[in-house]
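Only one structure is covered here, and it is reproduced in the block below.
Nothing in this text is a laboratory measurement; each read-out follows from the coordinates by a stated rule. Keep in mind the model is a prediction, meaning the values are calculated, not measured. Here the Cβ positions follow ideal geometry from the backbone for every residue, glycine too, while neighbour counts run over all protein chains shown.
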Amino acid sequence: MHPRLQDIVTNIRERNTPPIPATRVKGFTDLAATNAWLFANPSMVDGGVHFSVASPADIRFTLQGNHSVKFFRGKFQDPTYFVDAPLQVATQREIAR
């Protein structure tokens, strides 16, 4: 993994409330490896980030999410607001730093 990406992922984990343990984060070599793991392990992940590095100043990302609606604390939660938006904001924040 590109060293800059490692810093971004570490900062996303550590600045989350509560912090995300390193053992709860997986890294894959490419999208095909990610999808293979996701298909073999359904409902294990709410979302992920795929990075593309053109240069240290040009880091792009794509979010991948599990859009199954979840029943949590007596309510159905929309994954767009529960997972996607916070993950996007955290990723953009750490790339900008």
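Numbers at a glance
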read-out: Gained length - Arg60 relative to Asn16, 0.36 nm times residue gap less alpha-carbon distance; value: 13.8 nm
read-out: Cα pair count fraction exceeding 19 Å, expressed as % - region 5-57; value: 36 percent
read-out: Contact order relative to length of the chain, as percent, for alpha carbon pairs under 8 angstrom and 6 or more apart; value: 23 percent
read-out: Spin-label model distance (nm) - Thr23 vs Val89, 7 Å beyond Cα toward Cβ; value: 2.9 nm
read-out: Diffusion coefficient, µm² s⁻¹, Stokes-Einstein with Kirkwood Rh over alpha-carbon pairs of the chain at 25 °C and 0.890 mPa s; value: 169 µm²/s
read-out: Extension gain, Ala96 back to Asp30 (0.36 nm per residue minus Cα-Cα distance, nm); value: 21.4 nm
